[in-house]
Structure formats: C-alpha cells, structure tokens
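Chemist: This is the structure, below, for whatever I ask next.
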Amino acid sequence: MLENHSLHPDFNQEQEKFPPTVSGLVLLLGVNKKYEHLTHHNFFFSASPEKEFNQLYNEETPPEDPTIYVGISSKSDPTQAPEGKENLFVLTHVPPLKEGETWDNKALEYREIIMAKLEKMGVTDLSNSIEFEYMFTPNDLQQLYGANGGSIYGVATDRKKNGGFKFPSKSSYLQNLYFVGGSTHPGGGVPMVTLSGQLTADLILENDLKYDHEREIG
C-alpha cells in the first residue's frame, strides 16, 4: 500500500506545482413549475468579473456576487422531471478548501445569496417553488470523490507553476505507479477523463512491452 512508502524528498515540492482548481457549491433543485424563459444551459453573470475573480483567486473567499450556472436537463429530455415541473442543477464557484476548513457553518448563508440573486435576475419565486433539494459543499466533493480541496476541475494549469500542464500520467518516484483522471493530462470533464484513461493505458502497455523486450535481449 502507498501509505507504507515514505515520501520522496522532492514530493512536496512537486505537489506545490499543481494546486487545486476552484471548488463549488452545488444545489440540485426539483421545482413545481416551468421557467419558460430559461434554456438547458443558463448563466447569470456577476456585475463585476474583476471583483469576483479577485475575491475567488486572490482573497480566496466566496464571491459576494457570484456567477451562477443553472442547468435544466429536462429542457432537452422531458423525462428528467415530472410533467409541469423542472430539475435545476445550480453551480457556483468557490475557493478550494484550506487545511481543516469546513462549510458546515456557511453553506446555508451562501445558499441564500445564490437564491436571492437568481430570483432578482428573473428566476421568480424560486425559493417557494422547491419540492426537492440536495446540496453539495466543497467538503462533500472532497469526501465523495477524493478531490484535493474539493476541486471540481482537478489541478490548476498555471503557466508559471507547471507550464500550463496537468499532472503527469506516470509517477516520477514509484516505478509502477500511474495516474488517471481530471488532474492528469489532458484535463477535466468526462470526455477528457476518458481520454486520460486511454492515454494512461497506452503508456502502461508501452512500458510493459519495453520491459519485455529488454528482458528478451538481456
């Protein structure tokens, strides 16, 4: 098991090159009405992107006026919600978790900021229309998926820190340790993670064939 291996002296320094991307507060809402003016994909932008990004990335605090994404899959597939009703996937970006941080005492407060903004921007009477609700906090994302800091896009691609590349598919320290997922090349999202699995499988096969060839000629 990996926990039985001591860390390489350069490991922590290597890890610092790949900080986590943003996390998110996610609301899954089932509502008892249809919002005819909304589509499958909807964005509600902040009044000041500069202020939002400064709070998110520099101050490392949840933005006061966040950009909100609302996905309604029942717009494209009516079977996703009962007739006359809709399912809303609501996502707002927040900073990744700091060591020991918890959203237990602030999730409901930030939910109110999100709901108030959506209602102000035309998603009328949303709070009173909810029949089903489930919330994912950064802590949930970290616990459920093992995401570093509750990151939802893997590691950040930072030109200064890592040249804009994701984590390598093969460990530099353990010979037969490989990685796959949103934090490795080529990146996050279902299509990219699938491709990551293919690339890593090809790499394992290539190294195995190389090893077998070296044994034959050795």
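Chemist: Take the residues in segment 65-101 that are out of contact with any strand residue (DSSP E or B) (no Cβ under 9 Å at 6 or more places or on another chain) and surrounded by 12 or more Cβ atoms within 10 Å (Cβ to Cβ), then tell me which one is nearest to Glu50 (Cα to Cα).
Modeler: Step by step, filter segment 65-101, then rank; the result is Asp65.
Chemist: Related question: When you go through Leu108, Leu126 one by one, which is the residue that is in contact with a strand residue (DSSP E or B) (Cβ under 9 Å, 6 or more places away or on another chain) and open to solvent by 40 Å² or more (accessible area, probe 1.4 Å)?
Modeler: Leu108
Chemist: Listed residues Leu56, Leu25, Leu38; which is more than 19 Å from Lys98 (Cβ to Cβ) and open to solvent by less than 60 Å² (accessible area, probe 1.4 Å)?
Modeler: Criteria check complete, one pass: Leu38.
Chemist: Could I ask something else about it? State all residues of segment 176-194 that are exposed (fewer than 15 other Cβ atoms within 10 Å of the Cβ) and either in a helix (DSSP H, G or I) or at pLDDT below 80 (or both); if no residue qualifies, say none.
Modeler: Of everything in segment 176-194, those that are exposed (fewer than 15 other Cβ atoms within 10 Å of the Cβ) and either in a helix (DSSP H, G or I) or at pLDDT below 80 (or both) turn out to be Val190, Pro191, Thr194.
The values are calculated or read from the model by the stated rules, or taken from the named source; none is laboratory data. These numbers come from a predicted model, not from an experiment. Because the Cβ atoms are built from the backbone with ideal geometry, glycine has one as well, and the counts that use them run over all protein chains shown. The accessibility values were calculated without ligands, DNA or RNA, using every heavy atom of the protein model including side chains. Shrake-Rupley method; radii C 1.70, N 1.55, O 1.52, S 1.80 Å.
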